[in-house]
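All of the numbers you see were taken from the coordinates with simple rules; none came from a lab. All values derive from a computational prediction rather than experimental measurement. Virtual Cβ from ideal backbone geometry, glycine too; neighbours counted across all protein chains shown.
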Amino acid sequence: MSIYKFSSQEYNVYNKIINALDNKLTQISLPIFSTDKILNLYDKAISKSKNGILYVPGKIKVIKKISYMILFVNTCPEYEKRVTFYSGTEFEIQDIISSAMKEADNVGRLMNVYKYFVDNFEYEEVDAENKKFHYPASPFLYKRAVCDGFSLAFSYVINRVGIECGVVSGYGTKESYNSEHMWNIVRLNGKYYHLDVTWDISTKSTGSRFLDYFLIDDALAMRDHIWKDNAIENCNDLSLEYYMREKLVCRNHLDVFKLFINKITLREPEIGFRYLGLNGDGMNTDVMLNILKDAFEKCRNTYSNVSYGYNDTASTGYIKIDY
């Protein structure tokens, strides 16, 4: 069974590629199939194969014969030094899995691995075009990567934890233009969820400890993600989303005000929330800061410094307070 909605032909090709990668092959005989679809299935197979971490995503060569085709793929250059490669990846991966398996349930295990990625890896901004940051091995070898490296590495670990996880290829729309992007999808108790560990890694520089893209549904994902992959299941459940589980979802300005009052009264140094406004109530940085000012006046509390951020596309706010 696959996490994807495949046709029987797609499923057959996908399994053949997985079996080949499991056996560390670089030449794969396949039935005649669309080259574009082969590339998409190959990346998905990397995220599932027990040896997927060895391979270079997004790059294939296909030679078509009369009744079949040969798919040529590559292992990453770092794999040529076997001892260095495995010592640089496998020990850390085993530690991550061991830590995750101590959690009571699959949501806890997912959160454990997700937080490990956010806390221990960095997004590569300066040299993002360098291929070495696009491999599933990149986070472990270099402690930094870009979206495909992170997504493939995350799914590789999560599948070994025993949770079905795959990748979604599409576009990110956080900037003023659409850029190619990859993130994850998981299945928990028969339901599907998006995760974007890359964007939670790339925004941690704000100082926020909150997770904007953990177990979100299609509606939230569509705010800054685009995908047209028919193999991706619908994600319609929001009950496991980070802010929902932490009771940090606000649906109007009064909810935000009450949350701020509660946190300030407890003198908590960090406040985070997701705003899912009803009745046309809007939220932005200015509105958030005005509500915060009113909350401080209501509490008759003082502070020495406030830092903050508001993610417009994810509708999440973060405030750090020095009392």
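Given (1) buried (at least 24 other Cβ atoms within 10 Å of the Cβ); (2) farther than 18 Å from Tyr42 by Cβ, identify the lone condition not met by Trp183.
(2)
For the range 156-182: of the residues being in contact with a Cys (Cβ under 7 Å, 6 or more places away or on another chain) and among the hydrophobic types (A, V, I, L, M, F, W, C), which is farthest from Lys48 (Cα to Cα)? Show your work before the answer.
Going through the range 156-182, the residues in contact with a Cys (Cβ under 7 Å, 6 or more places away or on another chain) turn out to be 158-159, 181-182.
Remaining after also requiring among the hydrophobic types (A, V, I, L, M, F, W, C): 158, 182.
On the way: Ile158: 9, Met182: 15 Å.
Result: Met182.
Which of the strands (runs of 3 or more DSSP E) found entirely inside the range 261-323 contain at least 3 residues meeting this: farther than 25 Å from Tyr242 by Cβ and out of contact with any helix residue (DSSP H, G or I) (no Cβ under 7 Å at 6 or more places or on another chain)? Even if it seems obvious, please write down each step before you answer.
Details: elements: 270-275, 305-311, 316-322.
Filter on the range 261-323 gives an empty set.
So which helices (runs of 4 or more DSSP H) are wholly in the range 91-181 and hold at least 1 residues that are β-branched (Val, Ile, Thr) and within 19 Å of Asp200 (Cβ to Cβ)?
Once the helices (runs of 4 or more DSSP H) in the range 91-181 are filtered for at least 1 residues that are β-branched (Val, Ile, Thr) and within 19 Å of Asp200 (Cβ to Cβ), what remains is 106-120, 147-161.
In the range 133-143, is there at least one residue being touching a strand residue (DSSP E or B) at 6+ places or on another chain (Cβ under 7 Å), among the basic types (Lys, Arg) and more than 30 Å from Leu240 (Cβ to Cβ)?
Checking the range 133-143: not a single residue is touching a strand residue (DSSP E or B) at 6+ places or on another chain (Cβ under 7 Å), among the basic types (Lys, Arg) and more than 30 Å from Leu240 (Cβ to Cβ).
Scan the range 200-254 for residues that are closer than 26 Å to Ala295 by Cβ and assigned to a strand (DSSP E or B) and jot them down.
Within the range 200-254, Val249, Cys250 qualify.
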